[in-house]
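Bear in mind that the values in this text are calculations on the coordinates, not laboratory data. What you are looking at is a predicted structure, and each value in this text was computed from that prediction instead of being measured.
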Amino acid sequence: MRIFEHFVKGQKCLLCGTEDDKECTLIPIDGTKDGNNCQAVPIHTDCIKNIDLRYNKEANIFYKVAIEL
């Protein structure tokens with residue numbers, strides 16, 4: 001995972017919803033790969049550390065539960 005010192009201006013972290021200028025990483029968007037390039041969304045690195053990730057073996061994906069029922 002590549003870490004960037006500053007957050008992308010004009011974007012909001014999908015996890016916390018802020019534009020705080022903190023360390024971030026880019027998360028690839030499914031279906032946008034073109035050779036070695038793809039579109040991505042910025043996420044604060046500290047937000048990734050503070051979320052409850054789950055793993056679905058069947059779909060082979062990591063995810064965050066938005067609302068616990």
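Projected over all directions and averaged, the alpha-carbon convex hull of the chain occupies 6.0 nm². The slack in the chain from Ile29 to Val41, taken as 0.36 nm per residue of separation less the alpha-carbon distance, amounts to 3.6 nm. Residues considered: Thr45, Thr18, Thr32. Largest GNM mean-square fluctuation over the chain, using C-alpha springs under 10 Å, is found at Thr32. Derived scalar couplings between HN and Hα for the range 8-13 equal 5, 5, x, 10, 10, 5 Hz in order, rounded to whole Hz, by the Karplus curve 6.51 cos²θ - 1.76 cosθ + 1.60 (θ = phi - 60°), x for Gly and Pro. In order along the range 39-48, the phi-based Karplus estimate (6.51 cos²θ - 1.76 cosθ + 1.60, θ = phi - 60°) of 3J(HN,Hα) comes to 7, 8, 10, x, 9, 4, 5, 6, 5, 4 Hz; Gly and Pro are listed as x.
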